[in-house]
Amino acid sequence: MFAPVMTDDSAPPTQRKQRGGPRKATPERLEKAAWHYLERYATSAANLRRVLLRRVQRSAQWHGTDPDEGAEAVNAIVAKLQRLGLLDDAAYAEGRAVTLHRAGHGAQAIRARLWQKGVDADTIEHALERLREEAADPELGAALRYARKRKLGPYRATGRDANRERDLAALCRKGFGPEIARTIVDTDDRAALEAEADIQPGPLEN
């Protein structure tokens, strides 16, 4: 009789896991993954550490590698990249704050986003302070950008009065204070507000 042919489906579970699972998280592979991540994304030290530790945990589950040794390797890689200046939380926070501000996020939302990425409170506040130094009125500017994107208040072509309360609520839910929300929604001079915030005039949406 012929011996049965072993297929992927008939292979023992441990063999199937080894064939289809992640590669072992060796220090060399972890460092290569770190460099690849930095080529694609700006990030904080804490966020990169989380990304690499997920690889360590998957490797431990699939291959039985030591998670403590993997964590030590990750810490060494992060420290090395910081020494090389490739991981700089201050620079990351400042750049990300500007990007989020231009996308219509206020200080509260920026603070939350950076905190989620593992940036410490002092670094976050420094980034927000730099933003306030460079922007004429960053909170008003962010709120105007958000209103323009969502077609709120003065960016409505029709139905502005009927939607006043809804527009105020939308701005407040985004994290903008009631005073700024009312200033935007009730303005009679959208261009003057845009000039005050030093942002490019926005078109009236249809």
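The values are calculated or read from the model by the stated rules, or taken from the named source; none is laboratory data. Bear in mind the structure is a predicted one, so any value in this text is a computation, not a measurement. Because the Cβ atoms are built from the backbone with ideal geometry, glycine has one as well, and the counts that use them run over all protein chains shown. Please note that ligands, DNA and RNA were not included when accessible areas were found on the heavy atoms of the full protein model with its side chains. Shrake-Rupley method; radii C 1.70, N 1.55, O 1.52, S 1.80 Å.
Counting helices only, and only those DSSP H runs with n ≥ 4, report the 222 nm mean residue ellipticity of the chain as the sum of -39,500 (n - 2.57) divided by its residues, in deg cm²/dmol to the nearest 500. Spell out each step's value before the answer.
Details: 11 runs with 135 residues, N = 206.
Calculated from helices alone, the mean residue ellipticity at 222 nm is -20500 deg cm²/dmol.
Would you mind telling me the share, in percent, of accessible area of segment 124-206 contributed by carbon and sulfur at probe 1.4 angstrom? Carbon plus sulfur share of accessible area: 44 percent. The HN-Hα couplings worked out from phi for segment 112-125 by the Karplus form 6.51 cos²θ - 1.76 cosθ + 1.60 (θ = phi - 60°) are 5, 5, 5, 4, 4, 8, x, 7, 6, 4, 5, 5, 4, 5 Hz, whole numbers, x standing for Gly and Pro.
Relative to the current alpha-carbon distance between ALA42 and THR158, full extension at 0.36 nm per residue lengthens the span by 37.7 nm.
In plain terms, the chain is cut at each of the chymotrypsin sites (Phe, Trp or Tyr not before Pro) found in a DSSP loop with at most 16 other Cβ atoms within 10 Å, and the longest leftover piece is 42-206.
Here's the picture: charge each Lys and Arg Cβ at +1 and each Asp and Glu Cβ at -1 in the chain, and of GLN82, VAL119, THR26 the one pushed furthest to the positive end of that dipole is THR26. Rg of the Cα atoms in segment 54-206, relative to 2.2 N^0.38 Å, amounts to 1.41.
At a Förster distance of 35 Å, what's the computed FRET efficiency of CYS172 paired with LEU86, Cβ-Cβ distance as r, to 0.05? Walk me through the numbers before you get to the answer.
Details: r = 39 Å, r/R0 = 1.12.
FRET efficiency, CYS172 to LEU86: 0.35.
Between ALA192 and GLU134, the FRET efficiency from the beta-carbon distance, with R0 = 22 Å, is close to 0.55. Charge dipole (Cα centre; +1 on Lys/Arg Cβ, -1 on Asp/Glu Cβ; no other charges) of the chain amounts to roughly 1120 debye.
Computed 3J(HN,Hα) for segment 31-39, one whole-Hz value per residue from the Karplus formula 6.51 cos²θ - 1.76 cosθ + 1.60 where θ = phi - 60°, is 5, 4, 5, 5, 4, 4, 5, 5, 5, glycine and proline marked x. With contacts taken as Cα pairs under 8 Å and at least 6 residues apart, the chain reaches a relative contact order of 17 percent.
Per residue, how large is the accessible surface of segment 119-172? Use a 1.4 angstrom probe and give square angstrom. Display every interim value, and only then the final one.
Working: 2790 Å² over 54 residues.
Ligands and nucleic acids excluded, the figure is 52 Å² per residue.
Shown in residue order for segment 66-78 are the 3J(HN,Hα) couplings computed by the Karplus curve 6.51 cos²θ - 1.76 cosθ + 1.60 at θ = phi - 60°: 7, x, 5, 5, x, 5, 5, 5, 4, 4, 5, 5, 4 Hz (x for Gly and Pro).
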